[in-house]
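Novice: This is the structure, below, for whatever I ask next.
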Amino acid sequence: MESSIVLYPSPGRGHLASMVELAKHILGHHPSFSVTILLLSTPPPDTHFIAAVSATHPCITFHRLPAISLPNSDHLSSSPANFILSNFEIVRLHNPTLHETLVSLSKSSAIKAFIIDFFCNAAFSVSASLNIPTYYYFTSGASGLASFLYVPALHKKYPDSFKDLDAPILIPGFPPVSPRDMPLAISDRNLTVYSHFLDTAVQMANSAGLIINTFDSFEASALRALRDGLCVPDGATPPTYCVGPLVATGGETEVGGERHECLGWLDSQPCRSVLFLSFGSMGVFSTMQLKEMALGLERSGVPFLWVVRVPPPHDEARRALAELKPSVEAFLPEGFVDRTRRRGMIVESWAPQVEVLSHGSVGGFVTHCGWNSVLEAVCHGVAMLAWPLYAEQKLNRAYLVEEMKLALSVTESEEDGLVSAEELEERVNELMRSEKGREVRDRVLAMRDAAAAALSKGGSSRSALAELIGSLEAGSGKVDVSNSVTSSMGIGGDLGSVSTVTIST
């Protein structure tokens, strides 16, 4: 019977893409494993992305779990807080079908390990009941993991919510952080999602290991705190495996068989002259903020490539428009596109980020500080201007700016959270034209080389991967069906509902 590993990403393109990169990495160094990635059907997975992976990596098998009905469909709104809560809830509701799937898969292969996204914490009870060694894949960095594992300690230290505290929060391996920069899901105990984060932190400390998308020299202070046990003061820290940076290598540029037009535009720009602005799959701004951004970019005089989405449905300017699918130009200052046409380009909704960051014309990146974006910028030696929006992104900014000094930061208004045109203009010029910006670029280029060294033969990440694979191989591979939680979950029947995803390309 062959040995297999089952991976379980949470909803969201960034999490799925990062988990796929982990699968590729494992198979690249241990091809005798079979790898199965489980896909939640609610919300539907990105079939285009899955098809592309299946076409280029047929050794990775995707299994789609049966669709379920959510008790409250409002959880699937575009609100970041609701989206995070829905991730936890969707996984929990899938537990019965997950149990059936793991039992079924164990009949054809020995499951050596179950690797789950941290949002898939509810699945730990299922794999534990079947005696399958369970690892967490933390798709963010060691600094984020340090703060996350420290949540139970903060829970004891602060009897109430600390989001409005005046004093900085002290976390091992992390510079002092303002309570306003802590994710609300951690700092505000009144939120429903808080209990999910607290429980996940406790469960992660009891897992077989923690796989982190980082490398040793990138987040040295945070890793020291983790490995010294400072982040889990009341218990032992599981083995940590820093196997990154795991980033996509490209292949997103082909749309209908054609190279994306923004890459052709970049070909005509001078070396390292262009500022790239992109804010992830949930990076949506109000009309007021878009206009401030446009004015700041125009006044800076810096060439730019800007990925723009229309404002959210509740935005006042959008509600005033009759069109169901308005153009982004309708929300920008009048004449802006024409005035900046010769030195700027606007791309609506999506651009091939990896290919853009790897292009020689790009010299700066305004980013929301999502971890995939941070690693992509570092791997291609592009200096960053940090503009976090939600989740742990403000923590990422604090570590990038204050500890690693690989980015500069925009300052938001304390009254309304807006970044003014004047602020953006000043920060853009500082990044692209000042001595301070040059120092940041030099440090990023040095870290690019360190990232490549970590992944090379004899590098820290290659060694960590070898240790991880050794740990995976040591798993018994025997699923203990006698400990089945079927009866308590109310599951019955066979696995006819579990389907292998087959997609034409």
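Novice: Pick from region 60-85 the residues that are surrounded by 12 or more Cβ atoms within 10 Å (Cβ to Cβ) and part of a loop (DSSP other than H, G, I, E, B): which of them is modelled with the lowest pLDDT?
Specialist: First pass over region 60-85, keeping only residues surrounded by 12 or more Cβ atoms within 10 Å (Cβ to Cβ): 60-68, 70, 75-77, 79-85.
With the extra rule that they be part of a loop (DSSP other than H, G, I, E, B), the set shrinks to 65-68, 70, 77, 79.
Values: L65: 93, P66: 85, A67: 80, I68: 79, L70: 69, S77: 51, S79: 57.
If we take residues in region 60-85 being surrounded by 12 or more Cβ atoms within 10 Å (Cβ to Cβ) and part of a loop (DSSP other than H, G, I, E, B), then S77 is modelled with the lowest pLDDT.
Novice: Between a first residue in region 346-370 that is under 28 Å from P326 (Cα atoms) and among the acidic types (D, E) and a second residue that is at pLDDT 95 or above and in a strand (DSSP E or B), which pairs have beta carbons less than 9 Å apart while being 6 or more apart in sequence or on different chains?
Specialist: Final answer for the pair search is E348/V307; E348/V308.
Novice: Still on this structure: Identify, please: which residue in region 99-142 is of a type in the set (S, T, N, Q) and farther than 23 Å from L246 by Cβ and is, among those, surrounded by the most Cβ atoms within 10 Å (Cβ to Cβ)? Quick ask: steps written out before the conclusion?
Specialist: Going through region 99-142, the residues of a type in the set (S, T, N, Q) turn out to be 101, 104, 106, 108-109, 121, 125, 127, 129, 131, 134, 139-140.
Next cut, farther than 23 Å from L246 by Cβ only: 101, 104, 106, 108-109, 125, 129, 131.
Details: T101: 23, S104: 15, S106: 20, S108: 11, S109: 17, S125: 16, S129: 21, N131: 16.
Among those that are of a type in the set (S, T, N, Q) and farther than 23 Å from L246 by Cβ, it is T101.
Yes/no per residue for (1) closer than 22 Å to T42 by Cβ; (2) over 18 Å from the mean Cα position of the chain (by Cα):
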position: P96; (1), (2): yes, yes
position: T101; (1), (2): yes, yes
position: I111; (1), (2): no, yes
position: N121; (1), (2): yes, no
position: P133; (1), (2): no, yes
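One line per residue, one yes/no per condition, for (1) among the aromatic types (F, W, Y); (2) over 19 Å from the mean Cα position of the chain (by Cα); (3) assigned by TED's automatic domain parsing to the domain that holds V302; (4) crowded, with 16+ Cβ neighbours inside 10 Å:
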site: S178; (1), (2), (3), (4): no, yes, no, no
site: Y194; (1), (2), (3), (4): yes, yes, no, yes
site: V243; (1), (2), (3), (4): no, no, no, yes
site: D267; (1), (2), (3), (4): no, yes, yes, no
site: L277; (1), (2), (3), (4): no, no, yes, yes
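Novice: For region 429-456, which positions are within 22 Å of the chain's Cα centre (by Cα) and surrounded by 15 or more Cβ atoms within 10 Å (Cβ to Cβ)? Give the derivation first.
Specialist: Filtering region 429-456 for residues within 22 Å of the chain's Cα centre (by Cα) gives 444, 447-448, 450-452, 454-455.
The answer is V444, M447, R448, A450, A451, A454, L455.
Novice: Determine if region 324-331 includes at least one residue that is within 24 Å of the chain's Cα centre (by Cα) and among the aliphatic types (A, V, I, L, M). Can you show your working first?
Specialist: Residues of region 324-331 within 24 Å of the chain's Cα centre (by Cα): none.
Looking for residues that are within 24 Å of the chain's Cα centre (by Cα) and among the aliphatic types (A, V, I, L, M), one finds none in region 324-331, hence no.
Novice: Considering only region 117-140, I want to know if a residue exists there that is touching a strand residue (DSSP E or B) at 6+ places or on another chain (Cβ under 6 Å), on the phi < 0 side of the Ramachandran plot, assigned by TED's automatic domain parsing to the domain that holds N87 and modelled with pLDDT under 95.
Specialist: Yes - at least one qualifying residue is present in region 117-140.
Novice: Another one. For region 164-176, how many residues are in contact with an Asp or Glu (Cβ under 8 Å, 6 or more places away or on another chain) and surrounded by fewer than 17 Cβ atoms within 10 Å (Cβ to Cβ)?
Specialist: Result for region 164-176: 1.
Novice: Could you check, for region 189-205, whether at least one of its residues is under 30 Å from S456 (Cα atoms) and in contact with a Ser or Thr (Cβ under 9 Å, 6 or more places away or on another chain)? Before the answer, list the steps.
Specialist: Step one: filter region 189-205 for residues under 30 Å from S456 (Cα atoms), giving 204-205.
Keeping just the survivors that are in contact with a Ser or Thr (Cβ under 9 Å, 6 or more places away or on another chain) gives 205.
Yes, that holds for at least one residue.
Novice: Only one residue in I212, I186 is without any contact (Cβ under 8 Å) to a residue 40 or more places away in the chain, crowded, with 24+ Cβ neighbours inside 10 Å and either out of contact with any helix residue (DSSP H, G or I) (no Cβ under 6 Å at 6 or more places or on another chain) or in the same structural domain as G244 (by TED's automatic domain parsing) (or both). Which one?
Specialist: On the way: I212 fails: without any contact (Cβ under 8 Å) to a residue 40 or more places away in the chain.
The conditions single out I186.
Novice: Right, P172: under 25 Å from the mean Cα position of the chain (by Cα), in the same structural domain as F119 (by TED's automatic domain parsing), at pLDDT 95 or above and under 22 Å from N396 (Cβ atoms) or not? Break it down into steps so the answer makes sense when it comes.
Specialist: Details: under 25 Å from the mean Cα position of the chain (by Cα): yes; in the same structural domain as F119 (by TED's automatic domain parsing): yes; at pLDDT 95 or above: yes; under 22 Å from N396 (Cβ atoms): yes.
So P172 passes the test.
Novice: What residue, of L22, L40, is over 19 Å from T101 (Cβ atoms) and crowded, with 22+ Cβ neighbours inside 10 Å? Before the answer, list the steps.
Specialist: On the way: L40 fails: over 19 Å from T101 (Cβ atoms).
The unique qualifying residue is L22.
Novice: If A205 satisfies all but one of (1) under 25 Å from N87 (Cα atoms); (2) surrounded by 19 or more Cβ atoms within 10 Å (Cβ to Cβ); (3) out of contact with any Phe, Trp or Tyr (no Cβ under 7 Å at 6 or more places or on another chain), what's the number of the condition it fails?
Specialist: All conditions pass for A205, except number (2).
Novice: Need a quick list: helices (runs of 4 or more DSSP H) entirely within region 308-419 having at least 1 residues that are at pLDDT 95 or above, surrounded by 15 or more Cβ atoms within 10 Å (Cβ to Cβ) and touching a Cys at 6+ places or on another chain (Cβ under 9 Å). Let's see the steps before the verdict.
Specialist: Numbers: elements: 316-319, 336-339, 353-357, 371-379, 393-398.
Those helices (runs of 4 or more DSSP H) span 353-357, 393-398.
Residue by residue, here is whether (1) modelled with pLDDT of 90 or more; (2) under 17 Å from T249 (Cβ atoms); (3) in a helix (DSSP H, G or I) holds:
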{"residue": "M1", "(1), (2), (3)": "no, no, no"}
{"residue": "P11", "(1), (2), (3)": "no, no, no"}
{"residue": "A17", "(1), (2), (3)": "yes, yes, yes"}
{"residue": "E21", "(1), (2), (3)": "yes, yes, yes"}
{"residue": "L27", "(1), (2), (3)": "yes, yes, yes"}
{"residue": "V35", "(1), (2), (3)": "yes, no, no"}
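Novice: Taking the criterion of being of a type in the set (A, V, I, L, M), outside any helix (DSSP H, G or I), touching a helix residue (DSSP H, G or I) at 6+ places or on another chain (Cβ under 9 Å) and surrounded by 14 or more Cβ atoms within 10 Å (Cβ to Cβ), would at least one residue in region 225-239 satisfy it?
Specialist: We begin by selecting, within region 225-239, every residue of a type in the set (A, V, I, L, M); these are 225-226, 230, 232, 236.
Going one step further and asking which of them are outside any helix (DSSP H, G or I), we end up with 230, 232, 236.
From what's left, touching a helix residue (DSSP H, G or I) at 6+ places or on another chain (Cβ under 9 Å): 230, 232.
Filter again for surrounded by 14 or more Cβ atoms within 10 Å (Cβ to Cβ), leaving 230, 232.
Checking region 225-239: at least one residue is of a type in the set (A, V, I, L, M), outside any helix (DSSP H, G or I), touching a helix residue (DSSP H, G or I) at 6+ places or on another chain (Cβ under 9 Å) and surrounded by 14 or more Cβ atoms within 10 Å (Cβ to Cβ).
The values are calculated or read from the model by the stated rules, or taken from the named source; none is laboratory data. Predicted, not measured: the structure shown is a model, and the values here were computed from it. Ideal geometry is used to build each Cβ from the backbone, glycine not excepted, and the neighbour counts take in all protein chains shown.
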